[in-house]
Amino acid sequence: MSLRWKILTGFLLLSLLLAVAGIWSIYHFNFLGGSVQKVMDENYRSVDASITMLEALEREDSAILLYLLKNKDVGHRQLTTADSLFRYGLNQARANITMPEENDLISAIDQTYLQFRKLFSTLLENTGEDTDLDWYFNEAHRTFQDTKLAVRTLMQANDSEMYRQGVQMKDEANRASMPGVVAIIVALFFSLIFSYFVHYFMIRPMLKMINGIETYLKTGSLPKLNVNTQDELGKLAISIQILCSKTDLHRDDQ
Amino acid sequence: MRLHVILRNMGFVLLLNSVFLMIAGIISIVNHETSAFPLFYSSLVALLFGLFPLVFAPPVKDISNKEGLTIVVSSWLISCLIGMLPYILWGGPFTITNAWFESVSGYTTTGSSILSDIEILPRGLLFWRSLTHWIGGMGIVIFVLAILPYMGIAGMVLYRSEVSHHTQEKLRFRTRKAAQILLSIYIGLTLVQTLLMMLGGMGILDALAHSFATIATGGFSTKNASIAYFNSVYIEIVTIVFMILSGIHFGLLYTSVKSGIGNLFRSSIVRVYLGLMLVGTVLVAGQLVEHLDLVWPTAFRQAAFQITSIGTSTGFATADSNFWPPLAKVIIIFFTLQCACAGSTSGGIKVERIILFGKTIGKKMKEILHPHAIINVKIDEKVIDPSVLEMGVLYVSVYLLFVFVSTLLLTAMNVDPMSAFSGSAACMGNVGPGFGIVGSVANFGPLPAAGKWVLSFIMLFGRLEIFGLVIFLSPDTWKSWR
């Protein structure tokens, strides 16, 4: 094989390795970027919706208490506002279903909230005879806690999914960066091996030929060159030996 | 020593690894798995380092003994490095330490794993894991020797470096023919067992993977519960038979195939090997009946499998031997240290050396009693040279020293003594499971990282029959570079 092809083979393979590593890393980093966006758009939106619902529920709970403590106007207004806020949060969550179990979780929130809503609607319509603090603790507050739990379950499910996706992204990041790291280490070792081969099979034979020619010029006798490679350098060594023999013959003839 | 000669010969080994990585990569692609790229990329890296020296360095027919040894040891080390690449690139539980450990465990056919959940790995990666056993089992160099007919004297030097003295004694063929015989037995056993496993209901990939692990006496299973997952007496019996066969000198198997099964039993080594396993099985079964209230058939089934598995350094499991009675554990530890016969893919001290060790002690005691007597040690009516006896005793001593030092180091890292000792013995003997936190249904994951490095190096010492690696690492070897 010629010198050109020997050197080219090494560089071609190394270039292929680096190109493949580069393309793969770019693909995975793009995928990673997309995953981050996906987590923010999908799971975090559901978490945000859950936080909105929880806030709304707390306001409704305090509004009920205000109403029971005869602050009916403020309580009524707060209940109405908080109810709208809750339904906004619930609609946000419903429009953002990304996990198989999310549908069931949202249905559970819907059902418990309907019960809670029925209770505080009763309060608003009622004159207050059987809606006192006992009613609050035995019914309203219990239903409020159930609804809160259902919302928390949805939030935890999305939190877990975000964590799982975070772990997956960590793996993706590893998969994106590792080929590059391996390519760098391989390139370093390859360059060392390549340098050795270039020295042993190119520089060393060239130095042998140079020394041989210098010896011939000084002493008139060419030492054995010992360059046995099957490439241009081997041919050059043979050519030098032929040239020196012909020069000797010409000198002898003279 | 000439670096280009060493690199050129290592190139063949790397090309072989590259081909096998590509096969595993194809399996990943067919199954649409995430391990496709790691396997193909690793194949490309192996191709680069394998092909380049072959392109640049011309073939050389004369290789010195030191060069031969360096080629063999370096081939092992470079294969382990290449073998860890798919794991690192895939990620998951594979840190650099874990990937190195798993790769070394594969190539040295130890079968110890850091994985707590094997089944999460893609099929391509599981296949590669089993392939490392198969490649390592026969010695990478034997493959190359059998495939490249023109290596001549160079081939003989490599053969002597790779194959133990006891194996060379038995195989009275020319190097290339001997390598081809070993390889044909190896491939033949693998194919037959694969077929039988498939007849037992295993899928083709599982059958191949378990056959690789059996014939190489490695032990990597594709299932968390190992062979116990299949819950099949048929599969257990097939595995036991092939584990036993894989623990016998392959040359002896070859001559038995040619001249009849009776040939096997003419060897006193085989008789001792089989006899000890039978006695061990009966003793352990008795212990299980007495202490664990098992019925005899169940006790015998579990004992037979575990004793054969450990006694051949395979490492498959059908029961958790951590809960077995103390005597049963001690018997298992004996087999962990001894293992099977030379000339097989098994690790350990080997039956021959244990016999030589015992006979040497007997000889010395007789010489003390009869100072003027000339006492010869014989195996199968053949007188054993005193230098071979000396080497055998030395090997056993150094082997136990390595186990002891490893146990010390692990204990210093706060690993409990039973896990440290059994893990060290299991890794040195290339067996796989020990006791305690590294038991037959556990894994080596909980060990500290430094401990895994210690164990991975003693796996290499064990696989390379200690002195190979010691000589490689000695300053005298490195002084002779030119």
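The values are calculated or read from the model by the stated rules, or taken from the named source; none is laboratory data. Because the structure is predicted, anything quoted here is derived from the model rather than measured. Here Cβ is always computed from backbone atoms with ideal geometry, including for glycine, and neighbour counts include all displayed protein chains.
Only one of the numbered conditions (1) more than 14 Å from every other protein chain (Cβ to nearest Cβ); (2) closer than 30 Å to A:Leu17 by Cβ is not met by A:Phe201, and that is (1). The residue list B:Pro38, B:Pro86 contains one member that is touching a residue at least 40 places away in the same chain (Cβ under 8 Å) and under 23 Å from the mean Cα position of the chain (by Cα), which is B:Pro86.
Residues in the stretch B:1-46 that are among the aromatic types (Phe, Trp, Tyr) and more than 20 Å from A:Asp171 (Cα to Cα) were compared, and the one that is nearest to the other protein chains (Cβ to nearest Cβ) is B:Phe12.
Within the bounds of the stretch B:77-95, is there any residue that is out of contact with any Gly (no Cβ under 9 Å at 6 or more places or on another chain), away from every other protein chain (no Cβ under 14 Å) and within 18 Å of B:Gly451 (Cβ to Cβ)? No, the stretch B:77-95 has no match at all. Against the criterion of being out of contact with any Cys (no Cβ under 6 Å at 6 or more places or on another chain), surrounded by 16 or more Cβ atoms within 10 Å (Cβ to Cβ), over 30 Å from A:Asp159 (Cβ atoms) and of a type in the set (S, T, N, Q), A:Thr80 does not qualify. Counting only residues that are part of a helix (DSSP H, G or I) and surrounded by fewer than 23 Cβ atoms within 10 Å (Cβ to Cβ), the stretch B:209-234 holds 5 of them. Please go through the stretch B:223-240 and pick out each residue that is modelled with pLDDT of 95 or more and hydroxyl-bearing (Ser, Thr, Tyr). Answer for the stretch B:223-240, where residues must be modelled with pLDDT of 95 or more and hydroxyl-bearing (Ser, Thr, Tyr): B:Tyr234, B:Thr239.
Within the option set A:Leu207, A:Leu225, being surrounded by 18 or more Cβ atoms within 10 Å (Cβ to Cβ), away from chain B (no Cβ under 14 Å) and under 27 Å from A:Ser245 (Cβ atoms) holds for one residue only, A:Leu225. Within the stretch B:47-58, if we keep just the residues that are more than 26 Å from the chain's Cα centre (by Cα) and within 8 Å of another protein chain (Cβ to nearest Cβ), the residue that is surrounded by the fewest Cβ atoms within 10 Å (Cβ to Cβ) turns out to be B:Pro58.
Among the residues in the stretch A:140-151, are any surrounded by fewer than 17 Cβ atoms within 10 Å (Cβ to Cβ), away from chain B (no Cβ under 11 Å) and within 30 Å of B:Leu39 (Cα to Cα)? Within the stretch A:140-151, not a single residue is surrounded by fewer than 17 Cβ atoms within 10 Å (Cβ to Cβ), away from chain B (no Cβ under 11 Å) and within 30 Å of B:Leu39 (Cα to Cα).
The helices (runs of 4 or more DSSP H) found wholly in the stretch B:337-439 and carrying at least 1 residues that are charged (D, E, K, R) and over 20 Å from B:Phe101 (Cα atoms) occupy B:351-369, B:386-412. Quick check on the stretch B:23-36. Is at least one of its residues touching a Pro at 6+ places or on another chain (Cβ under 9 Å) and modelled with pLDDT under 90? For the stretch B:23-36, residues touching a Pro at 6+ places or on another chain (Cβ under 9 Å) and modelled with pLDDT under 90: present. Within the stretch A:170-184, residues that are at the interface with another protein chain (Cβ under 8 Å from one of its Cβ atoms) have Cβ atoms under 7 Å from residues that are assigned to a helix (DSSP H, G or I) and not aliphatic (A, V, I, L, M) in these pairs: A:Arg175/A:His28; A:Pro179/A:Trp24; A:Pro179/A:Ser25; A:Pro179/B:Tyr41, counting only partners at least 6 apart in sequence or on another chain. The number of residues in the stretch B:59-70 being among the polar types (S, T, N, Q), surrounded by fewer than 24 Cβ atoms within 10 Å (Cβ to Cβ) and either out of contact with any Lys or Arg (no Cβ under 8 Å at 6 or more places or on another chain) or within 11 Å of chain A (Cβ to nearest Cβ) (or both) comes to 1.
Consider the stretch A:136-169 and keep the residues that are touching a residue at least 24 places away in the same chain (Cβ under 8 Å) and of a type in the set (Ser, Thr, Tyr). The one that is nearest to A:Ser25 (Cα to Cα) is A:Thr153. Screening A:Leu119 on (1) without any contact (Cβ under 8 Å) to a residue 24 or more places away in the chain; (2) away from chain B (no Cβ under 14 Å) shows it passes everything except condition (1).
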